[in-house]
Amino acid sequence: MCNFAFYDTQLQRMEEEMFGCQPATEFSRVCDYKVIGEYLHWCYFSFYVILILPIATLWWRYPRESFITLATAQLLAMTSCSFTWIYYPAKGPYWTLDPRPAEQVGYFMSYIVQFFVEGGSSLGTACPSSHCAVACVVCITTVWETGRFHVPFILIVPGLWLATVYGGFHYVIDSFIGIGLGVCSSVIAKIFTRLWIARFQHLVEVEGSTQIIPVTHDRV
């Protein structure tokens, strides 16, 4: 059986040096309002909607280039997170510190979120936060490509970022690195897609735009 070294102690030490405390445990205690906690847990849970709905919308209603850009950005973000988890695994504060029980930080969604975290989260995937990375990618790229949906993202994505620390699911460092990866992935995906479309335009033409001209043979 393999024994993995987790880097939570190092992350906690860095957070203590930067903030003088552990924000993953102190944030919810300082901002001890269950209404706020409920809203933030709703935002955190909305990650699963953000992961699917925007890319489905771009595929269904917008140019192919927009869909390819968002798909590429999401792939870059998740791949970057996954490689980092391999070489720098961390369990996260939910498993190494003292998380607050659901009844203290919300009314309904706190129970749902903690149920999913305890039943389905993978240990070692705290740093960077894929929630922050993917939410950032989807927000930037979708607004970039459509010029719409500003309000839903403003209402949800910042709350999701805050919820990663408020709920004790990630360290602040995890979240900031995730946001940074999201921004970089969005920019790289945009540049890559433009170059790819320009070089291989015939591969992304709208289906049916090319017509086959039948060959006729004139008889003498």
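The values are calculated or read from the model by the stated rules, or taken from the named source; none is laboratory data. None of these values were measured; they are calculated from a predicted model. Glycine gets a Cβ as well: all are built from the backbone with ideal geometry, and neighbour counts include every protein chain shown. Side chains are part of the model used for accessible areas, which takes the heavy atoms of the whole protein and leaves out ligands, DNA and RNA. Shrake-Rupley method; radii C 1.70, N 1.55, O 1.52, S 1.80 Å.
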Surface per residue (accessible, 1.4 Å probe) for region 15-154, Å² = 52
request  = Quantify, in whole percent, the carbon and sulfur part of the accessible surface of the chain (1.4 Å probe; protein heavy atoms only).
outcome  = 67
In degrees, nearest ten, helix 47-61 long axis to first principal axis of the chain (Cα) = 10
ask   = Helix 8-19: angle to the longest alpha-carbon principal axis of the chain, degrees 0 to 90, nearest 10?
value = 80
inquiry  = As I understand it, the value is the acute angle between the Cα axis of helix 109-120 and the longest principal axis of the Cα atoms of the chain; what does it come to in degrees, rounded to 10?
reply    = 80
request  = Kindly rank 64-70, 27-33, 49-55, 117-123 from highest to lowest mean number of other beta carbons found within 10 Å of each residue.
outcome  = 64-70, 49-55, 27-33, 117-123
